[in-house]
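Asks: I'd like to ask some things about the structure below.
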Amino acid sequence: GLKTLGLERESVEITVIEEGAKGFLGIGSKPAKVEVSAKKTDGQRTIDFLNGLLECMNVNAKCNLKDEGEKVIIDVITDNSSAVIGYRGEVLDSLQTLTSALYNNKQEKYKRIVVDCENYREKRKETLTSLAKKLADKAVKTGRKVNLEAMNPYERRIIHSALSENDQVKTE
């Protein structure tokens, strides 16, 4: 099996289907039957998990994985993107948290996992950057503090970085 697949022992999973028999003096001997398959990579396991999760949500989707060294991007392609994204990306964030926990389980080096659908993350970043600049202008005009709704750490970081160059406002 290893020769046929061209793989090393460490990179395969071997399942014994049927135990062999030695027989008596070689008579009645039977070879063992085993199944040899390549081990799944962390990325393949993660994609399988996410596909299963989406199936449980009754969402017909396909996931594409792109490994960029420090970061892994999983793009979910579906006709029902609203079910995958949710209200302001809440479902997408939940999928990302679960997927990240699975991917980084027992890993020596942590990788950032990004789950995206229809380029939602980039669009949301542009929206938040635009909002931050408008509200900064409003704060400067009125001379008053402007409070924003509760946001997750990633979105707060976008707001802070969008206004980091603006000397007229301070973010906290």
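The values are calculated or read from the model by the stated rules, or taken from the named source; none is laboratory data. Computed from a predicted model, the values in this text were never measured in an experiment. Cβ: placed from backbone, ideal geometry, glycine included. Neighbour counts: every protein chain shown. When the accessible area is computed, the model is the full protein with side chains, heavy atoms only, and any ligands, DNA or RNA have been set aside. Shrake-Rupley method; radii C 1.70, N 1.55, O 1.52, S 1.80 Å.
Asks: Would you mind calculating the relative contact order of the chain from Cα pairs under 8 angstrom and at least 6 residues apart, reporting the percent as a whole number? Let's see the in-between values first.
Replies: On the way: 184 pairs, mean separation 23.1, N = 172.
Taking the mean separation of contacting Cα pairs over the length of the chain, I get 13 percent.
Asks: Oh, and also: Cα centroid distance between the stretch 118-152 and the stretch 32-76, in Å?
Replies: Answer, in whole Å: 35.
Asks: Taking a quarter of the surface of the Cα convex hull of the stretch 42-144, what do you get in nm²?
Replies: Working: hull surface 32.8 nm².
So the mean shadow area of the Cα hull is 8.2 nm².
Asks: Oh, and also: On average, how much accessible surface per residue is there in the chain, in Å², for a 1.4 Å probe, leaving out ligands, DNA and RNA? Let's see the in-between values first.
Replies: Details: 12460 Å² over 172 residues.
Per residue, the chain has 72 Å² of solvent-accessible surface.
Asks: Sticking with this structure for a sec: Could you put 24, 49 in order of accessible surface area, largest first, with the 1.4 Å probe and the full protein assembly present? Display every interim value, and only then the final one.
Replies: Values: 24 155, 49 70 Å².
Descending accessible area places them as 24, 49.
Asks: What is the angle, in °, between the Cα long axis of helix 120-142 and the longest principal axis of the Cα atoms in the chain? Nearest 10 is fine, range 0 to 90.
Replies: The angle comes out at about 20 degrees.
Asks: Shifting gears a bit: Where in the stretch 41-87 are there GluC sites (Glu not before Pro) that are in a DSSP coil and have at most 14 other Cβ atoms within 10 angstrom of their Cβ?
Replies: Details: sites: 55, 68, 70; in loops: 68, 70.
Sparse-neighbourhood loop GluC sites (Glu not before Pro): 68, 70.
Asks: Among the trypsin sites (Lys or Arg not before Pro) in the stretch 33-106, which ones are in a DSSP loop with at most 14 other Cβ atoms within 10 Å of the Cβ? Mind listing them? Intermediate values should be presented prior to the final figure.
Replies: Working: sites: 33, 39, 40, 45, 62, 66, 71, 88, 106; in loops: 39, 40, 106.
Here the trypsin sites (Lys or Arg not before Pro) that fit, given the DSSP loop and packing criteria, are 39, 40, 106.
Asks: Probe 1.4 Å, all protein chains in place: accessible area of residue 98 in Å², nearest 10?
Replies: Probe radius 1.4 Å; accessible area of residue 98 about 90 Å².
Asks: Right, something else. With a 10 Å cut-off between alpha carbons and a GNM built on the chain, which of 113, 14, 158 moves the most?
Replies: The residue that fluctuates most here is 14.
Asks: Oh, and also: Taking N as the number of residues in the chain, what is its alpha-carbon radius of gyration divided by 2.2 N^0.38 Å? Walk me through the numbers before you get to the answer.
Replies: Details: Rg = 25.3 Å, N = 172, 2.2 N^0.38 = 15.6 Å.
The reported ratio for this selection is 1.63.
Asks: Let me ask something additional. Work through the residues other than residue 102 whose Cβ is under 11 Å from its Cβ and net out their charges, Lys, Arg +1 and Asp, Glu -1. Let's see the in-between values first.
Replies: On the way: positive: 45, 106; negative: 42, 48.
Taking every Cβ under 11 Å from that of residue 102, the sum is 0.
Asks: Run the count for the stretch 41-148, please: Lys pairs, Cα-Cα under 15 angstrom, 8 or more apart or on different chains.
Replies: On the way: 66/111; 71/109; 71/111; 125/133; 125/134; 133/141; 133/145; 134/145.
Lysine pairs meeting the criterion: 8.
Asks: Shifting gears a bit: Calculate what fraction, in whole %, of the accessible area of the chain sits on carbon and sulfur atoms when a 1.4 Å probe is rolled over the protein chains.
Replies: Values: 6330 of 12460 Å².
Heavy-atom surface of the chain belonging to carbon and sulfur, 1.4 Å probe: 51 percent.
Asks: Mean shadow of the stretch 1-84, computed from the convex hull of its alpha carbons, in nm²?
Replies: Details: hull surface 35.9 nm².
Average projection, Cα convex hull of the stretch 1-84: 9.0 nm².
Asks: What are the principal axis extents of the Cα atoms in the stretch 128-171, in Å, biggest first?
Replies: Principal extents (largest minus smallest coordinate, Cα): 27, 21, 16 Å.
Asks: Same structure again: Select from 159, 73, 27 the residue whose mean-square fluctuation is largest in a Gaussian network model of the chain (Cα-Cα springs shorter than 10 Å).
Replies: 27
Asks: Report the extension gain between residue 149 and residue 4 in nm, rounded to one decimal, defined as 0.36 nm multiplied by the number of residues separating them, less their alpha carbon distance.
Replies: Numbers: separation 145, 0.36 × 145 = 52.20 nm, distance 5.88 nm.
Full extension from residue 149 to residue 4 adds 46.3 nm.
Asks: For every other residue with a beta carbon closer than 13 angstrom to the beta carbon of residue 47, add +1 if it is Lys or Arg and -1 if Asp or Glu, then tell me the sum.
Replies: -1
Asks: Mind pulling the angle between the C-alpha long axis of helix 42-56 and the longest principal axis of the chain? Nearest 10 degrees, somewhere in 0 to 90.
Replies: 70 degrees
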